Amino acid sequence: MLSRKLASEFLGTATLIATVVGSGAMATALSNDIGIQLLINTIATVFVLYILITLLGPISGAHFNPIVTGVELFTKKIKTKVFALYVVAQLAGAAVGAIVANLMFKYTAIYISQKERTGANLLLGEVVATAGLILIIHLALKQKEDKKIARLVAAWIGAAYFFTSSTSFANPAAVFGRMLSDTFSGIAPKSAPLFVLAEILGGLLGYLGFRALTSKAKSTNQKSGK
């Protein structure tokens, strides 16, 4: 039922963003060391991603991300109407998640971020993070490793927090939610459009990479007579 899927996407995205923003706020309250702050933020995000994808995946697919949903539309697995409703649910969830986190830490409900994230290096980080995410999801599905997706995605995002310059937003809904909190994980609204464009590019590259890898494997199998 579509309403259940939308509720799942709303709840999952809200919980994810509340975790990212809330753990970032907690991290800065506990330590002045940026490395420790990032570690706290990463661990909380990895744990909640695993939980959410495991439990909500069977209901809605656990997208929580307009890029993931957009690839579904691009590959004609869902219709335009469903795509639009999913994205609305994800963005609404992101906003609610950020507001809840702000209130938990005694900030105003909407606390617009002033943290600028600019530079070609950060945008490249977002391209890499998003491309890897899409590639991993689709390779896992192609190889019938659906049950491992929660672990694979959580592991990728956890690693990308540390090895990408942007700390791996990899999600336009996350960008939207994180604009609403001027905390450790925030992003200034004027930095957001280029982040989203980089994520869209990364999503496209990730899917093209998936197609290249799987088509090559098919060609190899045909040549070997399999």
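Only the coordinates and a few stated rules stand behind these numbers; no lab work does. All figures in this text were calculated on a predicted structure; none of them were measured in a lab.
Once the Cα atoms are used to define both axes, helix 34-60 deviates from the longest principal axis of the chain by about 50 degrees.
Backbone geometry of the range 122-138 corresponds, through the Karplus equation with coefficients 6.51, -1.76 and 1.60 at θ = phi - 60°, to 3J(HN,Hα) couplings of 5, 5, 4, x, 5, 4, 4, 4, 6, 4, x, 4, 5, 4, 5, 4, 6 Hz, x marking Gly and Pro.
Principal-axis analysis of the Cα atoms of the chain puts helix 149-163 at an angle of about 60° to the longest axis. Centroid-to-centroid, using Cα positions, the range 76-100 and the range 1-67 are 15 Å apart. Relative to the longest principal axis of the Cα atoms of the chain, the long axis of helix 2-30 lies at roughly 50 degrees. What does the C-alpha gyration tensor say about the overall shape of the range 87-130? Classify as rounded when a/c is under 1.5, otherwise prolate if a/b is larger than b/c, or oblate. Cα axes put the range 87-130 in the oblate bin.
Overall, the ratio between the Cα radius of gyration of the range 2-214 and 2.2 N^0.38 Å, rounded to two decimals, is 0.94. Only DSSP H runs of four or more residues enter the estimate; each adds -39500 (n - 2.57), and after division by the residues of the chain the mean residue ellipticity at 222 nm equals -25500 deg cm²/dmol. Taking only the C-alpha atoms of the range 6-83, Rg followed by Dmax gives 15.2, 47 Å.
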